[in-house]
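K.L.:
This is the structure I have questions about; it appears just below.
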Amino acid sequence: MADFKVSGFLRMMEHKGTKPVSYFLSYATYPESSKKQTPAEEFISHSPLNDLIGRQVRLSFTGRIRCLDCGRLTNKSFSQGSCFPCFQSRAKNDMCILKPELCHYHKGTCREPDWGLKNCFKPHTVYFANSSGIKVGITKEKPISNRWVDQGAVEGIPLLEIQSRREAGVIENYLSKFLPDKTSWQKMVSSNPDSVDLVRERNKFLNHLSTQSFELEIENGSTKQLKYQTFESETETIEFPVSKFPAKVKSYKADPNAPIKDKLVGIKGQYLLFENGVINLRSVGGYEFSFESE
């Protein structure tokens with residue numbers, strides 16, 4: 001493979017396929033004339049990464065950050081990529097994104113009602129995935145496997161589809177009394193979990209849900225009963241491009257004074273796996289970087 005060298009402002013990795021997953025480094029660049037605080041435009045590029053596995057690479061950071069939402073330069077990143085004004089004003093940074101059952105659109109207090117209508121009032125899937133063990137989650141992604149890849153899950157199965165993010169969050173919040181709703185990143189990047197009979201777990205919890213009723217407050221203080229459609233599909237498995245797992249579960253930092261010089265041994269979820277550590281590229285979204293093979 002020829003030498004690899006790219007630079008810009010990081011975005012989440014793009015990917016396609018599941019057997020194995022093909023990853024692409026995504027990053028923004030700006031016109032040379034755009035030196036002002038908020039650029040007029042940005043250009044997104046995607047560079048394939050899988051062929052770099054097994055090679056020595058260098059990942060450097062400059063210390064500059066541009067907000068993922070508005071593009072302005074910011075001294076600090078909030079909520080994985082936003083400047084402080086966008087962190088305070090954008091609906092995507094509200095607490096209901098982390099806890100969708102707390103959605104307050106029906107109260108007329110959504111930060112960005114048009115964004116809420118576009119993103120939250122569409123069918124969502126409640127699923128089980130096996131990333132560091134079985135977990136419950138929700139997504140509007142189609143195909144659902146896109147979400148499982150981002151979480152580093154080696155297998156997943158849908159439970160049910162329901163008509164909004166808030167409604168899905170109510171079901172997820174209930175199921176989280178019995179199952180985790182988060183991934184242990186340390187376990188995820190250090191090994192593949194043991195397989196779980198997700199069909200059995202899905203059927204068990206769907207039977208349990210059928211004995212429950214869920215009431216939701218809507219406009220004007222009235223309520224409605226939640227209705228959903230269940231799935232009968234089989235478990236989907238995912239193969240990540242990992243030649244071996246890191247010797248240490250160490251998280252590399254985006255330190256301008258300490259570039260990462262290491263062998264890339266795999267990619268899983270939104271993590272680059274090196275021989276001696278890992279880095280979560282989602283957590284450094286908007287950071288200016290350069291990445292090259294050595």
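The values are calculated or read from the model by the stated rules, or taken from the named source; none is laboratory data. The model shown is predicted, which means the values in this text are computed figures rather than measured ones. These area figures cover heavy atoms from the full protein model, side chains too; ligands, DNA and RNA do not enter into them. Shrake-Rupley method; radii C 1.70, N 1.55, O 1.52, S 1.80 Å.
K.L.:
Add -39500 (n - 2.57) for each DSSP H run of 4 or more in the chain, then divide by its residues: what number comes out at 222 nm, to the nearest 500 deg cm²/dmol?
P.N.:
On the way: 7 runs with 54 residues, N = 294.
Computed ellipticity for the chain at 222 nm equals -5000 deg cm²/dmol.
K.L.:
Now, a different point. When the Karplus curve 6.51 cos²θ - 1.76 cosθ + 1.60 is applied with θ = phi - 60°, which whole-Hz ³J(HN,Hα) does each residue of segment 179-191 get, with x for Gly and Pro?
P.N.:
Here the 3J(HN,Hα) series is 9, x, 10, 9, 9, 7, 5, 4, 6, 4, 8, 9, 5 Hz.
K.L.:
Under a GNM of the chain (C-alpha, springs under 10 Å), which listed residue has the highest mean-square fluctuation: SER164, SER191, SER222?
P.N.:
Maximum fluctuation in the GNM of the chain, among the listed residues, is at SER222.
K.L.:
Note the angle between two axes, namely the Cα long axis of helix 165-175 and the longest principal axis of the Cα atoms of the chain, as a number of degrees from 0 to 90, rounded to the nearest 10.
P.N.:
80
K.L.:
Please list LYS140, LYS253 from largest to smallest accessible area, probe radius 1.4 Å, with all protein chains kept in place.
P.N.:
Values: LYS140 85, LYS253 140 Å².
I get LYS253, LYS140, largest accessible area first.
K.L.:
Kindly report the accessible area of the chain per residue (heavy atoms of protein chains, probe 1.4 Å, no ligands, DNA or RNA), in Å². It would help to have the intermediate numbers written out before the result.
P.N.:
On the way: 14760 Å² over 294 residues.
Accessible area per residue: 50 Å².
K.L.:
With all protein chains present and a 1.4 Å probe, how do LYS118, LYS19, LYS135 order by accessible area, largest first? Numbers along the way, then the final one.
P.N.:
Values: LYS118 145, LYS19 115, LYS135 5 Å².
Sorted by accessible area, descending: LYS118, LYS19, LYS135.
K.L.:
Taking LYS107 as the anchor, which aspartates and glutamates have their alpha carbon closer than 18 Å to its alpha carbon, excluding any fewer than eight residues away along the same chain?
P.N.:
In chain and number order, the partners are ASP94, GLU167, GLU215, GLU217, GLU219.
K.L.:
Sticking with this one: Holding the Cα-Cα limit at 31 Å, pick out from LYS187/LYS227; LYS118/LYS268; LYS92/LYS261 the pairs that are longer than that. Write out the running numbers ahead of the final one.
P.N.:
Numbers: LYS187/LYS227 35 Å; LYS118/LYS268 29 Å; LYS92/LYS261 34 Å.
Pairs exceeding the cut-off: LYS187/LYS227; LYS92/LYS261.
K.L.:
Also, quick follow-up: Roughly how many whole Å is it from the C-alpha centroid of segment 62-125 to that of segment 211-271?
P.N.:
18
K.L.:
Under 17 Å Cα-Cα from LYS177, which lysines qualify once same-chain neighbours fewer than 8 residues away are excluded?
P.N.:
LYS99, LYS135, LYS204
K.L.:
Turning to a different aspect of this structure: Pull out the extension gain between LYS177 and PHE43, defined as 0.36 nm times the separation in residues minus the alpha carbon to alpha carbon distance; nm, one decimal. Write out the running numbers ahead of the final one.
P.N.:
Details: separation 134, 0.36 × 134 = 48.24 nm, distance 4.34 nm.
That works out to 43.9 nm of additional length.
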